[in-house]
1. Among the residues of the range 104-116, is any surrounded by 22 or more Cβ atoms within 10 Å (Cβ to Cβ), farther than 29 Å from Gly21 by Cα and either touching a strand residue (DSSP E or B) at 6+ places or on another chain (Cβ under 8 Å) or among the charged types (D, E, K, R) (or both)?
2. Quick check on my filter: what residues within the range 82-125 are closer than 25 Å to Leu37 by Cβ and polar (S, T, N, Q)?
3. Name every residue in the range 64-99 that is out of contact with any Asp or Glu (no Cβ under 8 Å at 6 or more places or on another chain) and within 10 Å of the ligand (Cβ to nearest atom), in order of residue number.
4. Counting only residues that are buried (at least 24 other Cβ atoms within 10 Å of the Cβ) and touching a Lys or Arg at 6+ places or on another chain (Cβ under 8 Å), which one in the range 59-99 is farthest from Asp129 (Cα to Cα)?
5. Restricting to the range 12-28, count the residues that are within 13 Å of the ligand (Cβ to nearest atom), over 18 Å from Ala158 (Cβ atoms) and in a loop (DSSP other than H, G, I, E, B).
6. Could you list, in sequence order, all residues of the range 29-63 that are in contact (Cβ under 8 Å) with a residue 24 or more places away in the chain, more than 14 Å from the ligand (Cβ to nearest atom) and not in a helix (DSSP H, G or I)?
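FYI, it's all coordinate maths here, none of it is from the lab. Since the structure is predicted, the reported quantities are computational estimates derived from the model, not experimental observations. No Cβ is skipped: glycine too gets one built from the backbone with ideal geometry, and neighbour counts run over all protein chains shown.
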Amino acid sequence: MDRAVNANWQGFWDDLPHESGLAVWDSAPEVTAVAHLPLFEQHFAVDLPVLDIGCGNGTQSAALAGHFERVLGLDFAPSAIAHAQALQAAAGVEFRTFDLADVAGARALHAELGDVNVYMRGVLHQMPDERRGDAAAALAVLLGNGGHLFAVELSPAAGLTIKDAISEGPSAVPKMRQVFKHNLTPAAWDEGKLEAVLAGAGLAVVESGAVVLESTDTLANGDRLDLPMNYVVARRG
Ligand SMILES: C[S@@+](CC[C@H](N)C(=O)[O-])C[C@H]1O[C@@H](n2cnc3c(N)ncnc32)[C@H](O)[C@@H]1O
């Protein structure tokens, strides 16, 4: 296990007060999970639990709980789970620590829950490449034969947008700067990698497309930082 990346995420969440909207991606659900629903809900069998993997402070998990019977928010950073439990106590979501690159942990979770659907936003794009294969294998275990994955990730092109925004000067994108302060690596991949990683674990893409991440951060001129994302709906092939 790459402990450095776990520690980086733990440090990121430790540094933030328990308050919504402070992370650059922590946008309102109306422009995030709720806006994504039409892209995947027809694929999610209603009797399966929904896992929000890499749930962070649980903003999107709580919104999903308004639409699905049972939602679990999972994140490998205990500090993220503490944020989620503090901010979303009334949402009816069960928050737990879980490392997506832990295939044995995924097997144990599948033994407990059976097949699940997965909502996952902004997790694979920043993961070290050597962990992505295990993450996809874990997803395949969790989905089983009946579940679907909705994954929405920063596109490789977002890397250039971020670089340009940072080069505007110290007043631009303060929340994005927090990400780099903790040695996290947004959009660290190439075109087609999302599909290739999933295919490596036998996951077939049934739908795909592009959406915009309406971030909580601002450029030097006060405009919102928007970032390109790609999404897929996938299942075991
Ligand atoms: C960019 S944030 C997105 C948070 C949330 N999905 C959202 O949209 O607000 C990525 C989250 O994934 C978590 N994460 C990263 N790698 C993970 C892994 N291997 N297993 C579980 N969580 C992970 C981080 O701790 C962080 O909270």
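1. No - not one qualifying residue is present in the range 104-116.
2. Correct list: Gln85, Gln88, Asn117.
3. Asp75, Ala77, Pro78, Ala80, His83, Asp99
4. Residue satisfying both the conditions and the ranking: Gln60.
5. Matching residues across the range 12-28 total 5.
6. Answer for the range 29-63, where residues must be in contact (Cβ under 8 Å) with a residue 24 or more places away in the chain, more than 14 Å from the ligand (Cβ to nearest atom) and not in a helix (DSSP H, G or I): Glu41, His43, Phe44, Ala45, Leu48, Pro49.
This table checks each residue for (1) in a strand (DSSP E or B); (2) of a type in the set (S, T, N, Q).
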| site | (1), (2) |
| --- | --- |
| Glu195 | no, no |
| Ala199 | no, no |
| Ser208 | yes, yes |
| Val211 | yes, no |
| Ser215 | yes, yes |
| Gly222 | no, no |
| Leu225 | yes, no |
| Pro228 | yes, no |
| Val232 | yes, no |
